[in-house]
Amino acid sequence: MAYKEVLKAFMKSSVAAAFFNMAVAYIAFMLCRLIFFFVNYSTFAPYMSWQLAGEMFHGAMVFDTSALLYLNSMYLVMTFFPLHWKENAVFHTIAKWFYIMPNAIGIASNLIDAVYFQYTGRRTTMTVFSEFGNEQNLAGIFGVELLRHWYLLLAFIVMVWLMWKLFRKPESRPCNLVAYYATQVLSLVVFVPLAIIGIRGSATAGTRPITISNANQYVNRAVETAVVLNTPFSIIRTIGKEIFVTPVYMTDEEMVATYNPECRVAAADSARNKNVVVLIVESLGKEYIGYYNQGVDNGSYSGYAPFVDSIASQSLTFAYSYSNGRKSMDAMPSILSAIPMFVEPFFLTPAALNDIKGLPSYLSPFGYYSAFFHGGHNISMGFSAFAKAIGYDRYFGLDEYCSDDKYNGYDDFDGKWAIWDEPFLQFTADRIAEMQQPFVATVFTATSHHPYKIPQEYESVYKNEDGLEISRCIKYTDHALRRFFEAARREPWYMNTVFVIVADHTNQSRLPQYETDLGAFAVPIIFYTPDGSLSPQLRSDVIAQQTDITPTLLGYLGHDVRYIGFGCDLINCSTPGDTWAVNWNNGIYQFVQGDYMIQFDGEKVMGVYQFKTDTLLQRNLVGRVDVSGMEHQLKAIIQQYMQRMNGNSLVVRE
């Protein structure tokens, strides 16, 4: 009998009422998704399978949870706040309105998007308010569409009416205050962390809150992210993210004549079906590699990466090479899709749902299998979603590593970010050995990162140097790379492979030339072919950047490929002096070409430096050197970039 009384009391509590009302909201959002699907049936149905539907449902629950917690935050706070005086009919009516109104807006936006999607191909984001901010005929357009899609208005009315009728209120006058406060306080303590997890989309430490780009990991095609997402989430998570504003520096004709990122690799007489292995090494700044710093400290500076030194000396590499961004999430689009970071990381912007290609999707038509490796949690940094979006066939992360009995599973986790580099790179080598040639394999290492820890067994082996905490991490990662190459050399695929070693960004610095605005972007870019098909040399006649890697690889392999890429083929460029690098530095575009670097704030050139001789960037030559040609080219690059981001024109349309 006591059990029934407790259950009866619970069912009348604020906690039970909130759970019931949120469940109704979940159902309403899922119904909106089904309507969205059927309104756009021809877009999605032909490619649908039960497996895909299951993945999409999983993703939908993740994004709906986040959106509904945002929308119902005020209602939930009002409900769970422990204060018995508030438990009365008036308060509950007010709470009901705080529940109905946000959810009604959410339902309306989802249903409207069922139609608007047909024109945009993606969920609406905050850009819609600026896109139509100056339109005067929206009311007429909306009225016509409302008449054409009357069933959506009917669906909206029915769903909101049902939410109103089904809304459950808790007991107005709690009988037992001790039980009331105990229940409310406990519920609040449990609810807050769960709400944070729900809004973030993950309980995993070291991962960023989910963004719209994370929807890519639940689908096979970029357009299908519209089914996984919901419109309130897409709008909320892009508030303040309207960053791709297209400037009009010149006419489109002049822009294309000045700079055109549309490229084509002319098919070679005998294309190279070489394997491609891209090693993106966390924080491996140029400063840490002795090969690039042979004159430093009177020639005594050796850096912290002797193995990378040895590889660089046998490779095509560059005296002047730069990253396009300063974060790990900037590196993947730059390296693998030739898309630099301007203003905000591509992952975090509405353009993350644009049609996009990358190295694996360019090579797939020529029989290339592809896999991406990162030892972090499988949703970490949005890597898995981006990898899937640009065509990788497989993703190997912490989950796959831990399921391999050959390794130590979660015992090899560094406690913060990922599996230690040494075991994960060995795991990578094992998986690559199982892949059919030709293949594209990309691995993103993780250990050389804050908080600068290394496995306990190496604590006495690798010590910090020069006051840099990261130095021992670089030594450890260098050792892990050595062991990876030792494993690779034993495999038949090794000699038929082109390796790329590149850093995602720089990190701690001691040497002054790497603490400048430009030095902070100095990373190695190394192309290594064991068969010697690329002549080893340190080129100083070109400027290299991360966005050059995919164009260079495509040109080297020689397959007939058309692509959009904000970079150069460093091997086949006819005029080395035309190569360039660009990066975004806290509101300033930095453009490097020839002997100069200019800094441009979007309107005017703020700085001009002869960076090869003025390594500390101490002499600003603005107004004393004619850099109008550089400025004009940079403006064309920016205008092309922004126009293509806003116009979803990052792939060549056949």
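The values are calculated or read from the model by the stated rules, or taken from the named source; none is laboratory data. Nothing here was measured: the structure is a model prediction, and the numbers come from that model. Neighbour counts run over all protein chains shown; Cβ positions are idealised from the backbone, glycine included. Just the protein is used for accessible areas: all its heavy atoms, side chains included, with ligands, DNA and RNA removed. Shrake-Rupley method; radii C 1.70, N 1.55, O 1.52, S 1.80 Å.
Results, tabulated for the structure shown:
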| quantity | calculated |
| --- | --- |
| Hits in the stretch 587-632 - residues which are under 32 Å from the mean Cα position of the chain (by Cα), within 24 Å of residue 260 (Cβ to Cβ) and without any contact (Cβ under 8 Å) to a residue 60 or more places away in the chain | 591, 593, 594, 596, 598, 600, 603, 605, 630, 631 |
| Hits in the stretch 518-570 (condition: outside any strand (DSSP E or B), of a type in the set (Ser, Thr, Tyr) and in contact with a Ser or Thr (Cβ under 8 Å, 6 or more places away or on another chain)) | 529, 547, 550 |
| Some residue of the stretch 230-240 being open to solvent by less than 10 Å² (accessible area, probe 1.4 Å), touching a helix residue (DSSP H, G or I) at 6+ places or on another chain (Cβ under 7 Å) and at pLDDT below 85 | yes |
| Residue that is farthest from residue 260 (Cα to Cα) [pool: residues in the stretch 574-584 that are open to solvent by less than 30 Å² (accessible area, probe 1.4 Å) and either among the basic types (Lys, Arg) or within 26 Å of the chain's Cα centre (by Cα) (or both)] | 583 |
| Search result, residues across the stretch 263-295 that are free of Cβ contacts under 8 Å to residues at least 12 places away in the same chain and either within 27 Å of residue 446 (Cβ to Cβ) or polar (S, T, N, Q) (or both) | 294 |
| Residues (open to solvent by less than 70 Å² (accessible area, probe 1.4 Å) and either part of a loop (DSSP other than H, G, I, E, B) or in contact (Cβ under 8 Å) with a residue 60 or more places away in the chain (or both)) located in the stretch 446-458 | 446, 447, 448, 449, 451, 452, 454, 455 |
| Any hit, the stretch 409-417, residues being of a type in the set (Gly, Ala, Ser) and modelled with pLDDT of 95 or more | no |
| Those residues of the stretch 223-279 which are part of a loop (DSSP other than H, G, I, E, B) and among the small types (Gly, Ala, Ser), in sequence order | 240, 266, 267, 268, 270, 271 |
| Scan of the stretch 597-648 for residues that are polar (S, T, N, Q) and in contact with a helix residue (DSSP H, G or I) (Cβ under 7 Å, 6 or more places away or on another chain), ordered by number | 615, 633, 639, 640 |
| Residue within the stretch 18-28 that is open to solvent by 30 Å² or more (accessible area, probe 1.4 Å), of a type outside the set (A, V, I, L, M, F, W, C), closer than 29 Å to residue 161 by Cα and modelled with pLDDT under 90 present | no |
| Residue count for the stretch 529-550, restricted to those that are open to solvent by less than 10 Å² (accessible area, probe 1.4 Å) and out of contact with any Cys (no Cβ under 6 Å at 6 or more places or on another chain) | 9 |
| So residue 491, is it open to solvent by 10 Å² or more (accessible area, probe 1.4 Å), within 17 Å of residue 279 (Cα to Cα) and either outside any loop (DSSP other than H, G, I, E, B) or modelled with pLDDT of 95 or more (or both) | no |
| Selection count, the stretch 35-71, where residues are acidic (Asp, Glu) and either assigned to a loop (DSSP other than H, G, I, E, B) or open to solvent by 10 Å² or more (accessible area, probe 1.4 Å) (or both) | 1 |
| Matching residues in the stretch 398-447 - criterion: being out of contact with any helix residue (DSSP H, G or I) (no Cβ under 9 Å at 6 or more places or on another chain) and of a type in the set (S, T, N, Q) | 436 |
| Residue within the stretch 461-479 that is without any contact (Cβ under 8 Å) to a residue 40 or more places away in the chain and of a type in the set (A, V, I, L, M) present | yes |
| Which listed residue, of 148, 123, is modelled with pLDDT of 60 or more and open to solvent by 50 Å² or more (accessible area, probe 1.4 Å) | 148 |
| Selection from the stretch 398-429 of residues that are closer than 30 Å to residue 272 by Cβ and either among the small types (Gly, Ala, Ser) or exposed (fewer than 15 other Cβ atoms within 10 Å of the Cβ) (or both) | 429 |
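Residue-wise test of (1) closer than 23 Å to residue 326 by Cα; (2) open to solvent by less than 10 Å² (accessible area, probe 1.4 Å); (3) assigned to a strand (DSSP E or B).
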site	(1), (2), (3)
572	no, no, no
591	yes, yes, yes
599	yes, no, yes
617	yes, no, no
635	yes, no, no
642	yes, yes, no
